[in-house]
Amino acid sequence: MSSENNVDYPRKILDYVEGFLVSKTLFASCELGVYDLLLASGQPLSAAEVARGLGTSEDGMERLLSACVGLQLLTAQAGDDKVLYSNTEMSKMYLTKSSPRSLFHSIQYNSKTIYLCWHYLTDAVREGKNQYEKAFGVSSKDLFEALYRSDEEMVKFMQLMNSIWNICGKDVVTAFDLSPFKTIYDLGGCSGALAKQCTSAYPESTVTIFDLPKVVCTAKEHFMSADEGRVFFHKGDFFKDSLPEADLYILARILHDWTDARSLELLTKVHRSCKPGGGVLLVEALLNEDNSGPLTAQLYSLNMLVQTEGRERKASEYTALLTTAGFANIQVQRTGKIYDAILARK
Ligand code: SAM
Ligand code: ASE
């Protein structure tokens, strides 16, 4: 066994202790616009040139760029008397703002919101509840009033929700053949990113985004282009208002926000409105049955504690909720990426 794996050298622990230094280096380099400048320049740049372009100190920028090279987010080549920096293929694709697969907004939300909430993770574990009051001074009585504490915060949350479906959305909507379902409602469909994936995979289906009125207004204004055929909107509150009849209801990252009791209330309502032979598609990050992983779902479950009223669950826990709500024929499909799919029929 190499010395790095034995107890004399606690590599993992040392890495974890300083894991936030890695996140912060990534956040700062994105926020300052390092990857966008390197893309725009079209050629490798020195630290001095990047510093000048972004209005930062030269010394600070040199250290930041060097750390990004260490993280393999940039490459460095020796110039005449200075080092020249370039984007990697991965940073060009995921860290520049203009890329169709950009994770910029997700990084921003992690940096500006989630990071601040996680300052209170210890308290969240102690108290068993989210930390909006401490982190942002807002009441956590109504979850989405707290999450949407300003219009700006709502748009940032919607941008976060939007970004992942350009990367994992197709896997989720094609995990099952949804072509028999013509009228689809995406409950809590937010910006419409998953709805668009769905209409492009199933050319004969229409998808209606059902969400809170101000979310629908913002989705139409900021996230939809004129050529978005077959995507419609419905303003409503899925706990308070009646749900329209449909062949399929998608609930993507909805149940993980809520307790078992509220999840059951919603699923029961969905079952009542669902056409016979219709179904419900749950999209969530599934925990293994023995809770052994995946690490992302385990960490997301902690984030649900800090930020919501819910938790990440195992497939068997979703199956139990669906069965109690009246659904049958439950099928689970893992995608191998962050989000998995469960289809149940009425
Ligand atoms: N389904 C989207 C996705 O996976 O990207 C968004 C998931 S987001 C975590 C939860 C969504 O549920 C938000 O768009 C939010 O506005 C919506 N929502 C929360 N409470 C709601 C309610 N009572 N009625 C309708 N929509 C609601
Ligand atoms: C929610 C999903 C998220 C509510 C709050 C959230 C995400 C971040 N904050 O339904 C997306 C998943 N990422 C993490 C870190 O949990």
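The values are calculated or read from the model by the stated rules, or taken from the named source; none is laboratory data. What you see is a predicted model, and the numbers here were worked out from it, not measured in a lab. Using ideal geometry, Cβ is built from the backbone for each residue, glycine included, and neighbour counts are taken over all protein chains shown. For accessibility, only protein heavy atoms count, side chains too; no ligands or nucleic acids. Shrake-Rupley method; radii C 1.70, N 1.55, O 1.52, S 1.80 Å.
Can you work out which of the residues in segment 194-235 that are of a type in the set (Lys, Arg) and assigned to a helix (DSSP H, G or I) is farthest from Asp151 (Cα to Cα)? Please lay out each step first, then the result.
Within segment 194-235, the first condition is being of a type in the set (Lys, Arg), and the residues that meet it are 196, 214, 220, 230, 235.
Going one step further and asking which of them are assigned to a helix (DSSP H, G or I), we end up with 196, 214, 220.
Numbers: Lys196: 24, Lys214: 9, Lys220: 15 Å.
Going through the qualifying residues, I end up with Lys196.
Would you confirm whether or not segment 27-42 contains a residue that is within 30 Å of Tyr132 (Cβ to Cβ), surrounded by fewer than 18 Cβ atoms within 10 Å (Cβ to Cβ) and of a type outside the set (A, V, I, L, M)?
yes
If you go through segment 186-211 one residue at a time, how many are within 20 Å of the chain's Cα centre (by Cα) and either within 19 Å of Gly278 (Cα to Cα) or away from ligand 2 (no atom under 14 Å from the Cβ) (or both)? First the steps, then the outcome.
Applying the first criterion (within 20 Å of the chain's Cα centre (by Cα)) to segment 186-211 yields 186-198, 209-211.
Retained after the next criterion (residues that are either within 19 Å of Gly278 (Cα to Cα) or away from ligand 2 (no atom under 14 Å from the Cβ) (or both)): 186-189, 192, 195-198, 209-210.
Matching residues across segment 186-211 total 11.
Within segment 105-121, identify whether any single residue is exposed (fewer than 15 other Cβ atoms within 10 Å of the Cβ) and more than 22 Å from Leu302 (Cβ to Cβ), and answer yes or no.
Checking segment 105-121: not a single residue is exposed (fewer than 15 other Cβ atoms within 10 Å of the Cβ) and more than 22 Å from Leu302 (Cβ to Cβ).
Residues being open to solvent by 10 Å² or more (accessible area, probe 1.4 Å) and out of contact with any helix residue (DSSP H, G or I) (no Cβ under 6 Å at 6 or more places or on another chain): count how many of those fall in segment 158-183.
12
Can you confirm whether segment 156-174 contains a residue that is in a loop (DSSP other than H, G, I, E, B), assigned by TED's automatic domain parsing to the domain that holds Met224 and touching a strand residue (DSSP E or B) at 6+ places or on another chain (Cβ under 8 Å)? If you could, list the steps in order and put the result at the bottom.
Going residue by residue through segment 156-174, those that are in a loop (DSSP other than H, G, I, E, B) are 174.
Now drop any that are not assigned by TED's automatic domain parsing to the domain that holds Met224, which leaves 174.
Filter once more, so that each one left must be touching a strand residue (DSSP E or B) at 6+ places or on another chain (Cβ under 8 Å): none.
Looking through segment 156-174, none of the residues is in a loop (DSSP other than H, G, I, E, B), assigned by TED's automatic domain parsing to the domain that holds Met224 and touching a strand residue (DSSP E or B) at 6+ places or on another chain (Cβ under 8 Å).
Let me spell it out: the conditions are (1) open to solvent by less than 20 Å² (accessible area, probe 1.4 Å); (2) out of contact with any His (no Cβ under 9 Å at 6 or more places or on another chain); (3) more than 8 Å from ligand 1 (Cβ to nearest atom); (4) not hydrophobic (A, V, I, L, M, F, W, C), and Asp186 meets all of them except one. Which number is the exception?
Every listed condition holds for Asp186 apart from (3).
Suppose we keep only residues that are away from ligand 2 (no atom under 11 Å from the Cβ) and part of a helix (DSSP H, G or I) within segment 132-147. Which one would you say is nearest to Thr308 (Cα to Cα)?
Restricting attention to segment 132-147, the residues satisfying the condition of being away from ligand 2 (no atom under 11 Å from the Cβ) are 132-142, 145.
With the extra rule that they be part of a helix (DSSP H, G or I), the set shrinks to 132-136, 145.
Details: Tyr132: 9, Glu133: 12, Lys134: 14, Ala135: 13, Phe136: 14, Glu145: 11 Å.
For segment 132-147, the residue satisfying everything is Tyr132.
Residues Ser273, Ser242, Ser301: which one is within 23 Å of the chain's Cα centre (by Cα) and either away from ligand 1 (no atom under 11 Å from the Cβ) or surrounded by 20 or more Cβ atoms within 10 Å (Cβ to Cβ) (or both)?
On the way: Ser273 fails: within 23 Å of the chain's Cα centre (by Cα); Ser242 fails: within 23 Å of the chain's Cα centre (by Cα).
When all the criteria are applied, what remains is Ser301.
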